[in-house]
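**Q** Quick one: this structure, given as structure tokens, is what I'll be asking you about.
The values are calculated or read from the model by the stated rules, or taken from the named source; none is laboratory data. Everything numeric in this text was worked out from a predicted model, so none of it was measured. Note that we place each Cβ from the backbone using ideal geometry, even for glycine, and neighbour counts take in every protein chain shown. Accessible surface areas use protein heavy atoms only, side chains included; no ligands, DNA or RNA. Shrake-Rupley method; radii C 1.70, N 1.55, O 1.52, S 1.80 Å.
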Amino acid sequence: MSFYAQTTIVALATPPGYGGIGVIRLSGVDAGCLAQKLLPAAKRNAFIPNQVVFQPLLHPETKQNIDDALLTYFQAPHSYTGEDVVEISCHGSPVVLAEVIRLLVSLGAELAQPGEFTLRAFLNQRLDLTQAEAINDLIHAQTSYQAQLAARQLRGELSIQIKPLKDALIEMIVYFESAVEFVEDDLDSLDIERLKQRIDELIARVKQLISSYRLGRLIRSGIKLALIGRPNVGKSSLFNQLLGKDRAIVTHIPGTTRDTLSEFFSINGIPVELIDTAGIRETEDFDEKLGVERTRTAIADADFVIAIIEAHQLPDQGEVELFAQLPIHLFVLNKCDLGVVLADEMIQQIVQGTPTAQVSARTGQGVDALRNRIHSALTADAQSFSDSGIITNERHYHALEQTLAAMQQATDDLAAGFSEEVVVVSLHEALRSLGIITGETLISDIINQIFTTFCIGK
Ligand code: GDP
């Protein structure tokens, strides 16, 4: 089934501003006809699908030359939107581009709403909802890893992962419904056992996808990484080393970093918000007290906590006791350039099995290895998900949770000996929830929400 829009829409597809070129996109039943009205009369049949023509653009009434442009015509349904599309590459002058768009509107085109090209592509089944979302993710990717995942989703990887689940659910629904329809086909206990097993297999697969979201969320939204430790252990210095620039103030006076600082960088493609906190120490100084409180808040918010201790001198007992109460993912022994005096047993007593890394925030020694350690700790389970799909989108995650709940309800109903009619309701609910991910279950609020986050021209 294809969607039929009465209107032809137009928008600038490249960012606004000055540039080498600017591309205007037209989509809809009149796209070819409207674009040709800007060409010289003798060239009005110049369009051949998928071929670029170089033509002057003329004012339709005054015949004044506006620009020389490259025009590409894509004939429906073989275009991005599934409709007739013309892309007009003009010189990247905001004045020229605005004039061409104004003329196309005066000829009958409508200005496109945000995401309307992709919405039309979705309604024409040129792509499903996960692919439409992937386009937005790809455009807004901030790291190459995010872009890679978005590109995989755009190729339909998530839909491919979900398809066997849907097929299996449909098969089961048909099976149960035929049992309802034809009483003589009543399910015997062997059938029920087999179906229970089948649902359990599906549940395991849905759980696997759901658990990949922990990693997917990290890749998509990034993580908050907090650096904690006593004043003067080198938090600010390490903060600067990790960022590769001087952001935090480094001094030899304890307690300089009174406030928390934060900066964004990426560790092998994972966006990281690095939070440098004021030193943890019980103190009477008002400002520092505030800093200590902020440190605790930062830890509560952080996805990954690094505690820093000095390698060349013994930590005080209070510090050791405090660390034992905090959720620390990695201990860094700093100032290794001054020598490591802490004996292994002493280190073990402090870190209690938590991984450690040795660095010198002054010389940079061990900092690359530390980055790799953080990355491996964050992506420890990445390998196990890379072939089975990684969920990066919260909307998909919630839909999968709903699917899981419905499937679990179906197994509970089966176990409780409920009739086929009851079980089949939950299976339908599971199928409906899966359909929300790809857009087969159409919920207009969701569709609106997704496409209004797009920019105009996409
Ligand atoms: P913070 O209070 O924990 O943020 O510590 P800073 O980063 O401000 O560092 C305190 C002092 O220790 C400064 O004089 C730094 O130059 C020094 N420092 C930091 N890291 C190292 C290191 O790895 N080796 C040496 N020798 N000194 C360091």
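**Q** I'd like to know how segment 302-458 sits against the 2.2 N^0.38 Å rule of thumb: what's its Cα Rg over that expected value?
**A** Its radius of gyration relative to the 2.2 N^0.38 Å reference: 1.69.
**Q** Grab the beta carbon distance between HIS312 and ARG395, set R0 = 51 Å, and tell me the FRET efficiency rounded to 0.05.
**A** 0.50
**Q** If you average the alpha carbon positions of segment 313-363 and of segment 137-151, how far apart do those two centres end up, in angstrom?
**A** So the two Cα centres are separated by 36 Å.
**Q** I want the local charge near SER93. Using Cβ-Cβ distances under 13 Å, sum +1 for each Lys or Arg and -1 for each Asp or Glu among the other residues.
**A** Within the 13 Å Cβ shell, the charges total -3.
**Q** Hey, can you find the accessible area per residue of segment 419-458 for me, probe 1.4 Å, expressed in square angstrom?
**A** Value for segment 419-458: 47 Å² per residue.
**Q** Taking the Cα centre of the chain as origin, sum charge times position over the Cβ atoms of Lys and Arg (+1) and Asp and Glu (-1), and report the length of that vector in debye to the nearest 20.
**A** 2100 debye
**Q** Using the Cα centre of the chain as origin and beta-carbon charges of +1 (Lys, Arg) and -1 (Asp, Glu), tell me which of GLY20, ALA430, ILE48 is placed farthest towards the positive end of the dipole.
**A** Working it through, the farthest residue towards the positive pole turns out to be GLY20.
**Q** Ok, one more. Report the longest stretch of the chain that contains none of the chymotrypsin sites (Phe, Trp or Tyr not before Pro) sitting in a DSSP loop with at most 16 other Cβ atoms within 10 Å.
**A** The reported range is 183-417.
**Q** Taking a ≥ b ≥ c as the square roots of the eigenvalues of the Cα gyration tensor of segment 34-120, is the shape rounded (a/c under 1.5), prolate (a/b larger than b/c) or oblate?
**A** Since a/c reaches 1.5 but b/c is at least a/b, the shape of segment 34-120 is classed as oblate.
**Q** Okay, moving on. Can you compute the helix-only [θ] at 222 nm over the chain? Use -39500 (n - 2.57) per DSSP H run of at least 4 residues, normalise by all residues, nearest 500 deg cm²/dmol.
**A** -15000 deg cm²/dmol
**Q** What longest range of the chain stays clear of loop-exposed GluC sites (Glu not before Pro) (DSSP non-H/G/I/E/B, at most 11 other C-beta within 10 angstrom)?
**A** Formally, the longest exposed-site-free interval is 62-281.
**Q** Could you give me the ³J(HN,Hα) list for segment 33-41, computed from phi with Karplus coefficients 6.51, -1.76, 1.60 and θ = phi - 60°, whole Hz, x at Gly and Pro?
**A** 5, 5, 5, 5, 5, 8, 9, x, 3
**Q** How large, in percent, is the carbon and sulfur part of the accessible surface of the chain at a probe radius of 1.4 Å?
**A** Here it works out to 53 percent.
**Q** Further question on the same structure: Taking only C-alpha pairs under 8 Å that are 6+ residues apart, what is the relative contact order of segment 310-458 in percent?
**A** 15 percent
**Q** Take every DSSP beta bridge whose two residues both sit in the chain, then give the antiparallel share in percent to the nearest 5.
**A** For the chain, the DSSP antiparallel bridge percentage is about 60.
**Q** How much area per residue is accessible in segment 1-106 when the probe is 1.4 Å and only protein heavy atoms are counted (Å²)?
**A** 51 Å²
**Q** Simple spin-label model, 7 Å along Cα-to-Cβ: SER106 to LEU338 in nm?
**A** Going from the SER106 label point to the LEU338 one covers 7.5 nm.
**Q** Using DSSP to define loop residues, name the trypsin sites (Lys or Arg not before Pro) in segment 7-71 whose beta-carbon has at most 11 other beta-carbon atoms within 10 Å.
**A** LYS63
**Q** Percent of Cα-Cα pairs more than 33 Å apart in the chain, please.
**A** 57 percent
**Q** Let me ask another. Cross-link list LYS163/LYS196; LYS196/LYS224; LYS166/LYS224; LYS163/LYS224; LYS207/LYS458: which exceed 31 angstrom alpha carbon to alpha carbon?
**A** As for pairs spanning more than 31 Å Cα to Cα, those are LYS196/LYS224; LYS166/LYS224; LYS163/LYS224; LYS207/LYS458.
**Q** Where only protein heavy atoms count, and the probe is 1.4 Å, what is the accessible area per residue for segment 110-218 in Å²?
**A** 51 Å²
**Q** Just check segment 373-458 against the gyration tensor rule for me: Cα atoms, a ≥ b ≥ c as the square roots of the eigenvalues, rounded for a/c under 1.5, and otherwise prolate or oblate depending on whether a/b exceeds b/c.
**A** It is oblate, given that a/c is not under 1.5 and a/b is not larger than b/c.
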